[in-house]
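Reading through the structure tokens given below for one structure.
The values are calculated or read from the model by the stated rules, or taken from the named source; none is laboratory data. This is a predicted model, so every value here is computed, not measured. Positions of Cβ are backbone-derived with ideal geometry, glycine not excepted, and every protein chain shown enters the neighbour counts. Heavy atoms of the whole protein, side chains included, go into the accessibility calculation; ligands, DNA and RNA do not. Shrake-Rupley method; radii C 1.70, N 1.55, O 1.52, S 1.80 Å.
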Amino acid sequence: MRHNTALAIVCLISLLYQPITAFQQPCLVASNINSSLTRRGSASFDSDRSLLAAKHNNEYDDDTTDCDNQINISRRNILNQSLFSMGFALTATAVVSTQSSNALEIPNFLLSAGEDRGVKGMPVPSKKLGGLSNKIRGVSKVMDELQRDLMQERWDLVENYPNQLRSYVPVFTSYTDSAFPTDIPTDQGLRVALRYEVGRFFASLERLKTATSRRSIDEAYVAYSDMSLHFDRYLRVGGLYTFYDDTVSLETYFQGTPETNLVYVDPKKDPALVRDLIVLREGPDKGRTGIVIGIYPDGSNTCAVKLDRTRGIREIRVVPCMWAAKRLGEQDPDDVFLIPRSS
């Protein structure tokens with residue numbers, strides 16, 4: 001994250017001293033960024049990115065015409081256009097690498113620097129939300145209950161979740177517009193990012209509905225995994241995490257420690273499947289535990305892991321299947337199976 005922030009600052013400074021013609025087509029900044037989604041080569045995201053870039057280009061068409069006619073543009077206008085382009089690029093890229101093709105990494109200038117507003121290190125939403133934050137976080141419980149019923153193949157119960165989650169559309173819309181309400185470039189960029197994640201969340205919900213009607217458990221697992229991933233991104237970008245962990249990688253804590261200290265089944269001999277309790281044996285989250293919620297069938301050899309709860313939050317990671325190894329010994333069940341069903 002520190003490397004990406006430094007790169008963003010360098011880009012910003014360089015843009016301040018570029019000729020005015022550099023701002024005649026700001027949408028090109030976003031359209032040339034390589035995106036990294038849950039799975040590589042997502043055609044649906046390319047389409048969404050093109051639509052967002054086109055919309056951005058239309059909004060600034062008048063401004064670029066004025067730039068042709070005016071030789072002297074103020075430094076303040078250049079700064080605003082630079083910030084908006086960088087905020088839009090943040091939306092288009094969505095994530096920065098395979099090892100964290102999970103929650104967004106956000107430049108520091110979009111984050112809270114103090115403890116009086118929000119969680120330090122997270123985007124700072126407006127204070128005037130009227131309880132919307134708790135309503136959004138409440139979706140986490142619905143997602144946990146959906147995971148429980150889906151993994152127990154209670155199709156009669158899973159069928160009810162699409163309508164239940166659809167009822168949250170006005171809540172997501174209200175929070176997106178209320179949390180970052182101003183016209184400053186950072187708020188505009190965050191609103192675009194949040195709307196994108198909501199769109200992908202409900203698109204995945206439709207896939208879950210289709211898979212449920214077919215009683216296709218593998219398709220349902222993948223759809224649920226995508227729902228979980230995009231909801232996790234929404235929480236992070238929307239400043240709804242209850243904590244912020246600035247640890248770049250846990251692998252450094254394992255340097256000099258024998259690999260035998262992590263007890264697990266060799267994933268090459270017995271790979272983890274959906275519902276298996278796992279420990280991550282490699283990567284920046286090495287040593288963390290969770291449950292496999294989906295395995296992607298697109299040839300990427302990746303799986304979605306729902307990490308164990310940390311201060312009320314269960315983060316989602318998409319990792320290579322060889323990183324997720326079954327835990328050995330007697331284990332407590334995943335906590336979603338301890339949630340009682342309402343009568």
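May I ask which of LYS141/LYS286; LYS286/LYS326; LYS141/LYS326; LYS269/LYS326 have a Cα-Cα span longer than 22 Å here?
Values: LYS141/LYS286 26 Å; LYS286/LYS326 13 Å; LYS141/LYS326 25 Å; LYS269/LYS326 11 Å.
Long pairs (Cα-Cα over 22 Å): LYS141/LYS286; LYS141/LYS326.
Quick one: the Cα spread of the range 213-343 along its three principal axes, in angstroms, biggest first?
49, 37, 33
Starting from the 7 Å offset along Cα-to-Cβ, what nm value, one decimal, do you get for the label separation of LYS135 and LEU157?
Going from the LYS135 label point to the LEU157 one covers 2.6 nm.
Report the local net charge at ASP187: Lys and Arg +1, Asp and Glu -1, summed over other residues whose C-beta lies under 13 Å from its C-beta. Numbers along the way, then the final one.
On the way: positive: ARG191, ARG195; negative: ASP177, ASP183.
Overall, the nearby charge balance is 0.
Give me the percent of accessible area attributable to carbon and sulfur for the range 200-343, probe 1.4 angstrom. Each step should come with its number before you reach the end.
Values: 3370 of 6810 Å².
Here carbon and sulfur together make up 49 percent of the probe-accessible area.
Starting from the coordinates of the alpha-carbon atoms of the range 151-284, obtain the Kirkwood hydrodynamic radius over all distinct pairs and give the value in Å to one decimal.
Evaluated on the range 151-284, it is 18.0 Å.
Please list, by residue number, every one of the chymotrypsin sites (Phe, Trp or Tyr not before Pro) in the range 133-209 that is coil in DSSP and has at most 10 other beta-carbon atoms within 10 Å.
Sites meeting the loop and neighbour criteria: none at all.
First select every other residue whose beta carbon is under 9 angstrom from the beta carbon of LEU307; then total the charges, Lys and Arg +1, Asp and Glu -1.
So the environment of LEU307 carries a net charge of +2.
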